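*Asks:* Take a look at the following structure, please.
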Amino acid sequence: MKIGIFGGSFNPPHKMHLNIALELINKHYVDKIVYVPTGSKYKYKNNLLPDVNRKEMLEILVSKYEELSVSDYELKSEVVYTYQTLKHFKELNPNDEIYFICGTDNLSYMDKWMNSEEILNNYKILVIKREGEDIDELLNKFCEYRENIIVSDVIPYNLSSTVIREKIKNNENVDNLIDKDILNYIKENKLYIE
(Lines give C-alpha, C1' and ligand atoms only; values in the text may rest on other atoms or scores of the structure.)
Protein backbone atom coordinates (compact mmCIF):
# COMPACT_ATOMS: atom_id res chain seq x y z
CA MET A 1 0.00 0.00 0.00
CA LYS A 2 1.10 3.58 -0.67
CA ILE A 3 0.42 5.89 2.26
CA GLY A 4 0.61 9.66 1.82
CA ILE A 5 1.54 11.85 4.77
CA PHE A 6 0.00 15.30 4.40
CA GLY A 7 1.42 17.74 6.93
CA GLY A 8 0.40 21.33 7.52
CA SER A 9 -1.02 23.75 10.03
CA PHE A 10 -4.60 23.29 8.70
CA ASN A 11 -5.61 26.54 10.34
CA PRO A 12 -8.36 25.97 9.24
CA PRO A 13 -8.51 22.98 6.88
CA HIS A 14 -10.30 23.97 3.67
CA LYS A 15 -11.65 22.50 0.45
CA MET A 16 -8.30 22.55 -1.34
CA HIS A 17 -6.77 20.37 1.39
CA LEU A 18 -9.52 17.85 0.72
CA ASN A 19 -9.44 18.13 -3.08
CA ILE A 20 -5.67 17.56 -3.26
CA ALA A 21 -5.97 14.41 -1.15
CA LEU A 22 -8.89 12.97 -3.10
CA GLU A 23 -7.26 13.72 -6.44
CA LEU A 24 -3.98 12.07 -5.39
CA ILE A 25 -5.96 8.96 -4.41
CA ASN A 26 -8.21 8.99 -7.49
CA LYS A 27 -5.14 9.26 -9.75
CA HIS A 28 -3.50 6.33 -7.88
CA TYR A 29 -0.47 8.23 -6.62
CA VAL A 30 -1.32 6.87 -3.15
CA ASP A 31 -3.96 4.57 -1.66
CA LYS A 32 -4.67 6.47 1.53
CA ILE A 33 -3.70 9.76 3.12
CA VAL A 34 -3.02 10.71 6.73
CA TYR A 35 -3.34 14.39 7.65
CA VAL A 36 -0.72 15.33 10.26
CA PRO A 37 -1.34 18.77 11.78
CA THR A 38 1.78 20.65 12.83
CA GLY A 39 2.17 21.04 16.58
CA SER A 40 1.82 24.48 18.10
CA LYS A 41 5.45 24.33 19.29
CA TYR A 42 6.62 24.74 15.68
CA LYS A 43 8.56 28.03 15.78
CA TYR A 44 7.55 29.32 12.33
CA LYS A 45 3.84 29.35 13.12
CA ASN A 46 2.74 31.75 15.82
CA ASN A 47 -0.93 32.25 15.03
CA LEU A 48 -2.13 28.66 15.33
CA LEU A 49 -5.38 27.70 16.98
CA PRO A 50 -5.00 25.22 19.85
CA ASP A 51 -4.04 21.74 18.65
CA VAL A 52 -7.36 20.25 19.71
CA ASN A 53 -9.38 22.62 17.49
CA ARG A 54 -7.31 21.97 14.39
CA LYS A 55 -7.40 18.22 14.95
CA GLU A 56 -11.19 18.24 15.46
CA MET A 57 -11.70 20.28 12.27
CA LEU A 58 -9.58 17.78 10.32
CA GLU A 59 -11.61 14.92 11.79
CA ILE A 60 -14.74 16.61 10.43
CA LEU A 61 -13.01 16.99 7.04
CA VAL A 62 -12.11 13.27 6.75
CA SER A 63 -15.25 11.84 8.36
CA LYS A 64 -16.94 10.94 5.05
CA TYR A 65 -13.88 9.24 3.49
CA GLU A 66 -12.51 5.92 4.68
CA GLU A 67 -9.20 6.42 2.82
CA LEU A 68 -8.49 9.62 4.76
CA SER A 69 -7.48 9.86 8.42
CA VAL A 70 -5.91 12.23 10.96
CA SER A 71 -2.92 11.65 13.22
CA ASP A 72 -2.03 13.67 16.31
CA TYR A 73 1.59 12.45 16.20
CA GLU A 74 3.04 15.99 15.95
CA LEU A 75 0.72 17.46 18.58
CA LYS A 76 3.19 17.17 21.43
CA SER A 77 4.75 19.43 24.00
CA GLU A 78 7.99 19.50 21.97
CA VAL A 79 8.74 20.14 18.30
CA VAL A 80 8.44 17.08 16.07
CA TYR A 81 10.42 17.15 12.85
CA THR A 82 9.27 15.75 9.51
CA TYR A 83 11.92 13.01 9.48
CA GLN A 84 10.60 11.79 12.86
CA THR A 85 7.02 11.77 11.60
CA LEU A 86 7.92 9.80 8.47
CA LYS A 87 9.98 7.33 10.51
CA HIS A 88 7.02 6.87 12.87
CA PHE A 89 4.67 5.99 10.01
CA LYS A 90 7.23 3.66 8.45
CA GLU A 91 7.54 1.82 11.78
CA LEU A 92 3.74 1.57 12.00
CA ASN A 93 3.51 0.35 8.39
CA PRO A 94 6.77 -1.51 7.65
CA ASN A 95 5.43 -3.21 4.52
CA ASP A 96 3.99 -0.06 2.96
CA GLU A 97 5.58 2.76 1.00
CA ILE A 98 5.48 6.13 2.74
CA TYR A 99 4.98 9.23 0.58
CA PHE A 100 5.52 12.73 1.90
CA ILE A 101 3.13 15.16 0.21
CA CYS A 102 4.55 18.64 -0.21
CA GLY A 103 4.33 21.70 -2.40
CA THR A 104 7.16 22.93 -4.60
CA ASP A 105 7.68 25.71 -2.04
CA ASN A 106 8.54 23.12 0.64
CA LEU A 107 10.70 21.07 -1.69
CA SER A 108 12.72 24.16 -2.65
CA TYR A 109 14.25 24.41 0.84
CA MET A 110 13.98 20.78 1.99
CA ASP A 111 17.79 20.55 1.97
CA LYS A 112 17.73 22.93 4.98
CA TRP A 113 15.41 20.66 6.99
CA MET A 114 16.57 18.60 9.94
CA ASN A 115 17.93 15.26 8.60
CA SER A 116 16.84 16.13 5.07
CA GLU A 117 19.04 13.41 3.54
CA GLU A 118 17.20 10.79 5.57
CA ILE A 119 13.90 12.06 4.17
CA LEU A 120 15.10 12.27 0.58
CA ASN A 121 16.84 8.88 0.66
CA ASN A 122 14.19 6.81 2.41
CA TYR A 123 10.79 8.16 1.37
CA LYS A 124 8.94 9.13 -1.76
CA ILE A 125 8.38 12.87 -2.08
CA LEU A 126 5.05 13.53 -3.80
CA VAL A 127 5.18 17.07 -5.11
CA ILE A 128 2.21 19.35 -5.77
CA LYS A 129 3.28 22.13 -8.11
CA ARG A 130 1.58 25.43 -8.45
CA GLU A 131 0.43 26.51 -11.87
CA GLY A 132 3.13 28.25 -13.84
CA GLU A 133 6.04 27.02 -11.68
CA ASP A 134 9.13 25.61 -13.35
CA ILE A 135 9.79 22.28 -11.69
CA ASP A 136 12.93 21.44 -13.72
CA GLU A 137 15.16 23.76 -11.71
CA LEU A 138 14.09 22.07 -8.48
CA LEU A 139 14.56 18.59 -9.92
CA ASN A 140 18.10 19.57 -10.96
CA LYS A 141 18.80 20.82 -7.44
CA PHE A 142 17.77 17.43 -6.02
CA CYS A 143 19.00 15.32 -8.95
CA GLU A 144 20.72 12.74 -6.74
CA TYR A 145 17.33 11.94 -5.16
CA ARG A 146 15.41 12.09 -8.44
CA GLU A 147 14.10 8.51 -8.23
CA ASN A 148 12.32 9.36 -4.97
CA ILE A 149 10.70 12.59 -6.21
CA ILE A 150 7.36 12.22 -7.96
CA VAL A 151 5.82 15.32 -9.49
CA SER A 152 2.05 14.91 -9.51
CA ASP A 153 -0.21 16.39 -12.15
CA VAL A 154 -2.54 17.69 -9.45
CA ILE A 155 -2.73 21.47 -9.77
CA PRO A 156 -4.11 23.22 -6.69
CA TYR A 157 -6.17 26.34 -7.07
CA ASN A 158 -5.06 29.37 -5.13
CA LEU A 159 -6.68 29.18 -1.72
CA SER A 160 -5.04 29.92 1.60
CA SER A 161 -6.03 29.48 5.23
CA THR A 162 -4.80 33.03 5.87
CA VAL A 163 -7.40 34.47 3.46
CA ILE A 164 -10.13 32.31 5.02
CA ARG A 165 -9.23 33.44 8.55
CA GLU A 166 -9.37 37.08 7.43
CA LYS A 167 -12.77 36.59 5.76
CA ILE A 168 -14.19 34.88 8.87
CA LYS A 169 -12.87 37.70 11.07
CA ASN A 170 -14.54 40.23 8.76
CA ASN A 171 -17.77 38.23 8.70
CA GLU A 172 -17.45 37.59 4.95
CA ASN A 173 -18.94 34.57 3.20
CA VAL A 174 -16.64 31.52 3.01
CA ASP A 175 -19.29 28.89 2.17
CA ASN A 176 -17.56 27.88 -1.08
CA LEU A 177 -14.09 27.69 0.54
CA ILE A 178 -14.69 25.52 3.58
CA ASP A 179 -16.81 22.48 4.49
CA LYS A 180 -20.13 23.57 6.04
CA ASP A 181 -19.65 21.32 9.09
CA ILE A 182 -16.23 22.85 9.72
CA LEU A 183 -17.74 26.30 9.34
CA ASN A 184 -20.42 25.40 11.90
CA TYR A 185 -17.68 24.17 14.24
CA ILE A 186 -15.79 27.49 13.80
CA LYS A 187 -18.95 29.49 14.54
CA GLU A 188 -19.95 27.37 17.55
CA ASN A 189 -16.47 27.70 19.05
CA LYS A 190 -16.14 31.38 18.10
CA LEU A 191 -12.83 30.81 16.32
CA TYR A 192 -10.90 33.37 14.25
CA ILE A 193 -13.10 36.28 15.33
CA GLU A 194 -10.42 38.35 17.05
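*Asks:* Taking 25 Å as R0, compute the FRET efficiency from the Cβ-Cβ separation of residue 121 and residue 31 and round it to 0.05.
*Replies:* 0.65
*Asks:* Treat each spin label as a single point 7 Å out from the Cα along the C-beta direction, and report the residue 175 to residue 64 distance in nm.
*Replies:* With each label point 7 Å from Cα toward Cβ, the separation is 1.6 nm.
*Asks:* Next question. Testing the spin-label approximation: label points 7 Å from Cα along Cα→Cβ at residue 153 and residue 112. State their distance in nm.
*Replies:* Label at residue 153, label at residue 112, 3.3 nm between them.
*Asks:* Quick one: Cα convex hull volume of segment 57-130, Å³ per residue?
*Replies:* 125
*Asks:* At a 1.4 Å probe radius, which order do 69, 152 fall into by accessible area, largest first?
*Replies:* Ranked from most to least accessible, the order is 69, 152.
*Asks:* Could I ask something else about it? Cα extents of segment 52-194 along the three principal axes, largest first, in whole Å?
*Replies:* Sorted largest first, the three principal extents are 48, 37, 29 Å.
*Asks:* Taking a cut-off of 19 Å between Cα atoms, list the lysines near residue 141, but don't count ones fewer than 8 places away on the same chain.
*Replies:* Cα-Cα hits under 19 Å: 112, 124, 129.
*Asks:* Another question, then. Need the list of aspartates and glutamates near residue 87 for cross-linking: C-alpha distance under 16 angstrom, and skip anything on the same chain fewer than eight residues off.
*Replies:* 72, 74, 96, 97, 117, 118
*Asks:* Once you sort the root eigenvalues of the Cα gyration tensor of segment 1-131 as a ≥ b ≥ c, which label holds: rounded (a/c under 1.5), prolate (a/b larger than b/c) or oblate (the other case)?
*Replies:* Note, shape of segment 1-131 comes out rounded.
*Asks:* How much length is gained if the chain between residue 184 and residue 56 is pulled fully straight, taking 0.36 nm per residue apart and subtracting their Cα-Cα distance, in nm to one decimal?
*Replies:* Full extension from residue 184 to residue 56 adds 44.9 nm.
*Asks:* Based solely on its DSSP helices, what 222 nm [θ] is calculated for the chain when runs of n ≥ 4 H residues each add -39,500 (n - 2.57) and the sum is averaged over all residues, nearest 500 deg cm²/dmol?
*Replies:* -10500 deg cm²/dmol
The values are calculated or read from the model by the stated rules, or taken from the named source; none is laboratory data. Small disclaimer: the values here were computed from a predicted structure and weren't measured. Using ideal geometry, Cβ is built from the backbone for each residue, glycine included, and neighbour counts are taken over all protein chains shown. To get the accessible areas, we keep the full protein, side chains included, count just its heavy atoms, and leave off ligands, DNA and RNA. Shrake-Rupley method; radii C 1.70, N 1.55, O 1.52, S 1.80 Å.
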